[in-house]
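The values are calculated or read from the model by the stated rules, or taken from the named source; none is laboratory data. The structure presented is a predicted model; accordingly, all values stated were derived computationally and were not measured. Reconstructed Cβ throughout: ideal geometry from the backbone, glycine too, with neighbour counts over all protein chains shown. Ligands, DNA and RNA are stripped out before the accessible areas are found, and what is left, the full protein with its side chains, is counted by its heavy atoms. Shrake-Rupley method; radii C 1.70, N 1.55, O 1.52, S 1.80 Å.
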Amino acid sequence: MNNTLQNGFRVLEYLSSTAQEHSVTELTEVFDLPKSHICRLLKTLTTTGYVEQSPVSRKYKVSLRVLCLANACMEHLRVRERAKPYLHKLQEVLQCPVYLAVPLQGEALLIDVLFPEGRETDTSMVIGKLNSPYDSATGKACAAWLNEAEIDDLILRLPPEKKTKYTLTNPKAIHQELQKVYKNKLSTTNSERSLGMSAIAAPIFSNGGIMSATIGVTLPPGENSPEAWQLFEKETRDAAVGVSFAMGDPDYGNKPQN
C-alpha cells in the first residue's frame, strides 16, 4: 500500500477516534513520523476538507465532511431499513438500549442505536462505534462466523485488552467462546467490558444463510435474574429471526434439507 495514503488514513482515523484537537507535535509523537511528513498529511487532509485547523489553537481536528462518506454508506445498507421496525418493537418491549451492528474486519460496527426516551445510559454507544470481539455481545456475534485462521489473525491484529477480571484474553478461551456463540446463535457478556454491564446479541442472516448483521441489547442495571436473562434472550432472538426473514432467510442460518 502507498505509505503516504496509508499514513493519511491513520491520521484521519486517529483524529476521528479521539474527537479532540491535536497539534503537529502531538501527532508526530503518536505516529513516530517526521514533523514535515505530518505537516504534509495535515495540509492534504485540510485542503480536501476532512480535517480543519482551529484559528485560535492552531491545532487540528476531524471535520464534519466525514459524515458525507458515512451517509453514502448508510443509504445502501438494506439491513438497516429492514431492521427498523423490529428494533423499535424490541426497544419498546424491553425498555432498554438496542443496537444494530454489522461485521467489519472482525469487529462490530454500530449502524443504528435506539434508547428508551430519557434513558441514554451509555453515551459512548453511537453510530460508527466499533465494538470489540472479546468483551461485547455484538462484537462476539460478528466474530463468531470467522474461521479458525481468521480468528487467530484477529487476535494478533487486535490483542485483547483486560478491562475487567472477566474479560477473555486467552486465545483458547476466545476460540471456545466464539464457537459457543456460533453454535447457539446467541452471544452474551456479563461484566466483561465494565463491571455490572450485561448484554445480549443475536445474529441476522440474509439470503443463503449469510451472517450479515447482529441485534444487541443492554440489560438495565440490576436486571440480572435468570428470568430477566431468559426474557431478553428470547425477545432478542425473535427480533433477529424476524429481520433475517425480511432479509430473505426464512431458515435463520440453517440450510434447508433437500
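Tabulated values for the structure
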| item | result |
| --- | --- |
| The listed residue being touching a Cys at 6+ places or on another chain (Cβ under 8 Å) and either open to solvent by 50 Å² or more (accessible area, probe 1.4 Å) or within 20 Å of Thr236 (Cβ to Cβ) (or both), out of Thr214, Thr169 | Thr214 |
| Members of region 130-160 that are touching a helix residue (DSSP H, G or I) at 6+ places or on another chain (Cβ under 8 Å) and in a helix (DSSP H, G or I) | Lys140, Ala141, Ala143, Glu148, Ile151, Asp152, Leu154, Ile155 |
| Test result for Leu15, outside any loop (DSSP other than H, G, I, E, B), open to solvent by less than 50 Å² (accessible area, probe 1.4 Å), over 30 Å from Ile210 (Cα atoms) and in contact with a Phe, Trp or Tyr (Cβ under 6 Å, 6 or more places away or on another chain) | no |
| Qualifying strands (runs of 3 or more DSSP E) (wholly inside region 161-247; at least 1 residues being among the aliphatic types (A, V, I, L, M) and on the phi < 0 side of the Ramachandran plot) | 198-206, 210-218 |
| Strands (runs of 3 or more DSSP E) wholly inside region 26-106 containing at least 2 residues that are open to solvent by 50 Å² or more (accessible area, probe 1.4 Å) and over 29 Å from Thr218 (Cα atoms) | 51-53 |
| Pair list, Cβ under 7 Å, 6 or more apart: region 171-196 residue closer than 10 Å to Ala143 by Cβ, other residue part of a strand (DSSP E or B) and open to solvent by less than 100 Å² (accessible area, probe 1.4 Å) | Val181/Ser187; Ser187/Ala201 |
| Pair list, Cβ under 8 Å, 6 or more apart: region 202-230 residue within 12 Å of Thr188 (Cα to Cα) and among the small types (Gly, Ala, Ser), other residue assigned to a loop (DSSP other than H, G, I, E, B) and open to solvent by less than 50 Å² (accessible area, probe 1.4 Å) | Ala202/Lys185; Ala202/Leu186; Gly216/Ser136 |
